[in-house]
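One structure is given below, encoded as structure tokens.
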Amino acid sequence: RPRRKPLVVGNWKMNLNHREAAQWMIDYSGMNDAWEGRMTASGQPLDRPEIGILPPFTSLQSFIETLDERGMRGQLHVGAQTVSDIASGAYTGDISADMLSTLGCRYVLVGHSEQRRYHPEDDDTFATKMRVVLDNGMQPILCIGETQSGREHGIGIDYALRQLGEAVSQMGCEDMKRVVVAYEPVWSIGTGNVPDLNVIESALADIRDFINASFGADIAAAVRILYGGSVKPDNAASIIRLHDIDGFLVGGASLDPRSFAKICHRT
Ligand code: PEP
């Protein structure tokens, strides 16, 4: 498989206030030593995946400060769960991409299913958010996936591919290389129901084929595609063996630093 750096991203959703976020970082950094000295079967030092955490907006600052205090800046990156599509102005309650990048964010989720559900926006807005995130030097993590009712009506990967096509419609090849795609069947998020491994594998292959058809083979080989939906320490190792997977977007299991560290170790 082409060498893409594996990526594990924890999405805290609306959990962990700024004090709890700092404590999470302290607990996680205590577990970090477990990496040292870990070897592959052939005796090579084990590569760490790239690791990111997406706290709620109000917890970003304390999380980043604690990250710095613990000397973890190079080992764990920070991102946000959503962003405004507009640069600045009279948009009460919204947060701009500049605010996030200035704070030190590296990633921004775009189109998470909970955002799509509770703050419905049209496809053009998601495409603009992708643009705004890239223009501010961050990486969008675009979430796509079919809903429960879609699944019941036999609508699967076509729905996700349509979401992908709309969101990247304004994008050139150089930008597309920096996009991360997270395939998250909505019926799997927070439910404990993980699709059959062959279903995940074929969805990831369809996504990469789509990128190949739209942007060419080099870009398709560069884009990282994550799986998200009820990833836990005990299923991560089997899912990561699938062809074409580059890591995970983890919700619930990222709230506990020990569970999250275990998932990272198994990636
Ligand atoms: C998510 O929110 O993106 C997610 C995958 O959640 P969970 O891991 O809890 O299913």
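Would you mind counting up the charge near C143? Only other residues with Cβ under 11 Å from its Cβ, with Lys and Arg at +1 and Asp and Glu at -1.
Local net charge: -1.
Helical runs assigned H by DSSP (4 residues or longer) give the chain a calculated mean residue ellipticity at 222 nm of -12500 deg cm²/dmol, each run adding -39500 (n - 2.57) before division by the residue total. By definition, a body whose alpha carbon gyration tensor gives a ≥ b ≥ c is rounded when a/c is under 1.5, and the chain falls into this rounded group.
Tell me, which longest segment in the chain has none of the GluC sites (Glu not before Pro) that fall in DSSP loops with at most 15 further Cβ atoms within 10 Å? Show your work: numbers first, answer last.
On the way: sites that count: E36, E121.
The answer is 122-267.
The count of lysine pairs in the chain that are at least 8 places apart or cross chains, and whose C-alpha atoms lie under 17 Å apart, stands at 4.
Beta bridges from DSSP with both residues in the chain: antiparallel share about 5 percent, rounded to the nearest 5.
Full extension from L197 to T58: what is 0.36 nm times the residue separation minus their Cα-Cα distance, to one decimal in nm?
On the way: separation 139, 0.36 × 139 = 50.04 nm, distance 3.64 nm.
Net length gain for the segment: 46.4 nm.
Full extension of the chain between R241 and K5 gives 83.5 nm of extra length, using 0.36 nm per residue less the Cα-Cα distance. Applying both filters, DSSP loop and at most 15 other Cβ atoms within 10 Å, to the trypsin sites (Lys or Arg not before Pro) of segment 205-251 gives R241. Across segment 177-187, rounded Karplus estimates of 3J(HN,Hα) from the backbone phi angles (6.51 cos²θ - 1.76 cosθ + 1.60, θ = phi - 60°) give 4, 8, 7, 10, 10, 10, 8, 10, x, 4, 5 Hz, Gly and Pro being marked x. Under 5 Å from the amide H of G10 lie the amide H atoms of G52, I53, L54, V250, each residue being 5 or more positions distant or on a separate chain, with H modelled from the backbone and absent for Pro and chain starts. With contacts taken as Cα pairs under 8 Å and at least 6 residues apart, the chain reaches a relative contact order of 22 percent.
Values quoted throughout were computed directly from the atomic coordinates according to the rules given, and no laboratory measurement underlies them. Keep in mind the model is a prediction, meaning the values are calculated, not measured. Ideal geometry is used to build each Cβ from the backbone, glycine not excepted, and the neighbour counts take in all protein chains shown.
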